[in-house]
Amino acid sequence: MTLFDKTSLRSSLALWAGLLACAAVNAENQPNSALDFELSDGHRFVQLSRLPAQTTVINFWRADCPPCLREMPALAALARSGKVRVITIALQKPAETLGAPSAIQAALAPPMHVLHGPGEPRGLLARFGNRVGALPHTLVLDDQRRPCAQRTGEITSDWLDHAVTNCSKAKTT
Amino acid sequence: MKIKFHLTPLVAVLSLAFSGAAIADKQLGEVTVSSGKTTGAKPVLRDEIIATESLGARELEKTGATMLTEALDKRPGISMQVECSICNVRNVVLNNLPGRYTTLLIDGIPIFSSVSTAYGLDSVSLGGLERIDISRGAGTSLIAPEALAGSVNIVTRRPTKDELLINQQFGSYGHLNTDLFGAKAFTGGALTANFNHNQHDTVDGDDNRISEYTGYKRNLGGVGFFVDDLGGFKIRGRFDIVDEKRMGGAMGTDYSGVKANGSGNPFDWSKGQNGSPYAGGWIVPDTGLTQDYTDGLAGMSEIIFTDRKQFVSSATHKLGEGSMRFAVGYAKHKQDSFYEKAVYKADQTQYYLEASTQQPLGETLVTTGVTYRYEDLASVGTDASGTPNNGIDNYKYRTPGVFLQGYHSFLEGVVEVNGSVRYDKHNVFGAITSPRFNVLWNHNHELNSRFAVGRGFRAPTSFFEQDHGILDTTRIVRNIDKAEISDNVSYALSYAEDRLAWVGSLNYNRIKNMALLDSGATDPVTGDAITLFTSARKPVIVVGGDLTVTYKLTPNLETTIAAEHFKYRFSEAGTLAFARPETRAYLRLDYESGPLTGMLRGTWTGPMDLAKFYDYANNPRYNFDGTRKMDKSPDYWVVDLRGEYRLNKQWSAFLGVDNVFDFKQSDKESMLWVDGSGAIDVTHIWGTNRGRFIYGGVKFAL
């Protein structure tokens, strides 16, 4: 057997070993478990589990996604109401989100929390219930960081109010 | 507590079907989701079931790339290979397989050929792009079975607002690059226009007055259109024009003067590593005698003018629970070239037509469609003595095809399976069936496996398949009746969490009937130079693996470390005709804080077995002083860096240095070589052909 053959054999074995490893790992599917992330706000890493317990709306967006931009004012209004914490996670670099219209930049001002997702957002999105990666994607988490409502696609103020209200009810019950 | 809504994989895929770009391949762009509960969504994960690397417009900017070949270079499993030191044919190499096995698509439409990719890859506009998707492996593209090594899909961006982008860059060696992009968005659509001017002087690194880096002047222009709803159709398209002039060998841009200068010795053959003992010629290795050079500037120069027009468009319409798509592509490519006194003028036309539909059948998503591809080539030319050899590589290929693909997810999306088969009826190479099978296994949210097995086929053409085989020959003898067939198996394991991501992949590629051009043959009767066009008798096997790890060190600093290792099994000279390394390593740092962004990357290229790839056993190579060329190339680093500062919302300034430590092959070994009889060639290439390159400029965005 030549060195090349041995290498090919090793590579093939490694390939099949990898496939077999697939079967050894169980898929996780625990929709009601507490969610967490550790993302950059441009100055520090923000860990959701280290923030004060509070009902939280999390919105994934991009500046080149029209429905993401359309729903941003509703999210900003909710944040300003003080009822819940609103965190936006841009799946773009900070320099790229600067391309958003000035009205959106204004909407992203505090009290909105503005974070940026990783370059490879697959794991983050899947963890937050969006395995296919469609945007916009919005979740409402209760104060235990468990999802009580989520929507992939454009949201409305009504949906947001309803989801937050239901989430609060779920908390009290 | 109930989850209010969950997007199932099937619903999601159906949603993505309205992307308008390559429905059959699920290549994703801006989409409008109308699957009951959602409206208006944009997917950010690319064709998950097939391992795809996506480079966004921002990433292209950060590398300082001004053309496609630069943008794709220096990435694990992906590189750019120069195959001629004086004309700088550049190929995009995937999995270290020959560049002609990489298929380029524009918005999912294959409209490039071996003719148009020879010099055309440099002329693909980067203006107005949303991203570039790179998929490695045969059969990664359902609509481009000839992608034996993989495909590169350029996805244009649908503007959502009025835009004006200007990028003006200056650099060493007379480099000048101007990019203009404008967009007008309106209710229900958008129009775009882009223009690029790019020029660069010839570069001679060893002072022998023969360039290693080809000079060029290139103008690109294009317009694009996007209509969201025209009778229910979502339409996009673009029309592009390319006008490029390049010359290498002789320095400067006096094209007609160089062509007319056909005698004497304007060069200094004594310069550079292992230069000749005298300026007027070189040592003939077999005899030890000298050989004077007398062919003037023309005898060592290659001048290529390219004129290209292309149009691509696609339309998507809802059909039942699924969708249908129509796509059309057209390209007219003209090459007017001068190769060391030989003249070659090629005129090529390509058409591409596609009709397909994607429908749910129960829980299975089925895609089916038909394609028709037309590609011809008509050439006229003369060999170096002026003898006409018109039409020596003419061909007309017509390939109708049908395809069927089924996608199904199991275990609530934990396992996704995709199987497809194509049947093509090639007018020369007959019926060819090319199947592929993909599995995506989501072990958990962060970790998944992708397994792919597929076959591709490619109808060889004689243009530039290997070296400059069509040149300086009286006719081509075609002893080839089989298409090139590639079988590929690959496995990728990837992990992605918030700060850490890694992906490792293994690839096995086996290519049968690899096309071979032997331009050194002679007619047994007349003694004239002829070219033999044959197939390799034994398959070529390339096995490799790569690992890429990305970690966010601080909120502003990200590092990427990657390595690749490949093994090559081939026994016939000319199959893997250009040297390639077994190992490469990559290190990169990306910084972004407020208005400042920076990129630093180092690429280490391991030694290459020059003796094996360049077939020293049968055709040893020599320097001009008669000494042997190196058996193995040295390993080397190339370090690039770039910084950008945003002055305000409209203006930015940038500065970059490519090849900071000024490594160039000509410092170690010339790209020129002679054989035992003293015949010269320009293809001894293993290193960089340009030293340190400094550039800077400004950007304006409105």
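Values computed for the structure shown
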{"quantity": "Residue that is nearest to the other protein chains (Cβ to nearest Cβ) [pool: residues in the stretch B:431-442 that are surrounded by fewer than 20 Cβ atoms within 10 Å (Cβ to Cβ) and under 25 Å from residue B:496 (Cβ atoms)]", "calculated": "B:439"}
{"quantity": "Answer from B:461, B:368 - the residue that is open to solvent by 20 Å² or more (accessible area, probe 1.4 Å) and away from chain A (no Cβ under 14 Å)", "calculated": "B:368"}
{"quantity": "Qualifying residue in the stretch B:526-538 (condition: aromatic (Phe, Trp, Tyr), modelled with pLDDT under 95 and touching a Leu at 6+ places or on another chain (Cβ under 8 Å))", "calculated": "yes"}
{"quantity": "Residue B:181 being free of Cβ contacts under 8 Å to residues at least 60 places away in the same chain and either among the aliphatic types (A, V, I, L, M) or farther than 26 Å from residue B:688 by Cβ (or both)", "calculated": "yes"}
{"quantity": "Any hit, the stretch B:181-196, residues being surrounded by 21 or more Cβ atoms within 10 Å (Cβ to Cβ), over 24 Å from the mean Cα position of the chain (by Cα) and not hydroxyl-bearing (Ser, Thr, Tyr)", "calculated": "yes"}
{"quantity": "Of residues in the stretch B:491-514 being open to solvent by less than 20 Å² (accessible area, probe 1.4 Å) and not in a strand (DSSP E or B), the one nearest to the other protein chains (Cβ to nearest Cβ)", "calculated": "B:498"}
{"quantity": "Single condition residue A:133 does not satisfy, out of (1) within 17 Å of residue A:72 (Cβ to Cβ); (2) facing chain B (nearest Cβ under 7 Å)", "calculated": "(1)"}
{"quantity": "Tally, over the stretch B:338-356, of residues that are in contact (Cβ under 8 Å) with a residue 60 or more places away in the chain and either assigned to a strand (DSSP E or B) or touching a Leu at 6+ places or on another chain (Cβ under 7 Å) (or both)", "calculated": "10"}
{"quantity": "Of all residues in the stretch B:478-490 being surrounded by fewer than 22 Cβ atoms within 10 Å (Cβ to Cβ) and over 14 Å from residue B:460 (Cα atoms), the one that is farthest from the other protein chains (Cβ to nearest Cβ)", "calculated": "B:487"}
{"quantity": "In the stretch B:389-399, residue farthest from residue B:532 (Cα to Cα) [restricted to those that are open to solvent by 60 Å² or more (accessible area, probe 1.4 Å) and not in a loop (DSSP other than H, G, I, E, B)]", "calculated": "B:398"}
{"quantity": "Enumerated helices (runs of 4 or more DSSP H) restricted to the stretch B:53-171, each holding at least 2 residues that are touching a helix residue (DSSP H, G or I) at 6+ places or on another chain (Cβ under 6 Å) and more than 18 Å from residue B:459 (Cβ to Cβ)", "calculated": "B:57-62, B:68-72"}
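The values are calculated or read from the model by the stated rules, or taken from the named source; none is laboratory data. All values derive from a computational prediction rather than experimental measurement. Note: ideal-geometry Cβ built from the backbone for every residue, glycine included; neighbour counts use all protein chains shown. Only protein heavy atoms, including side chains, enter the accessible area calculation; ligands, DNA and RNA are left aside. Shrake-Rupley method; radii C 1.70, N 1.55, O 1.52, S 1.80 Å.
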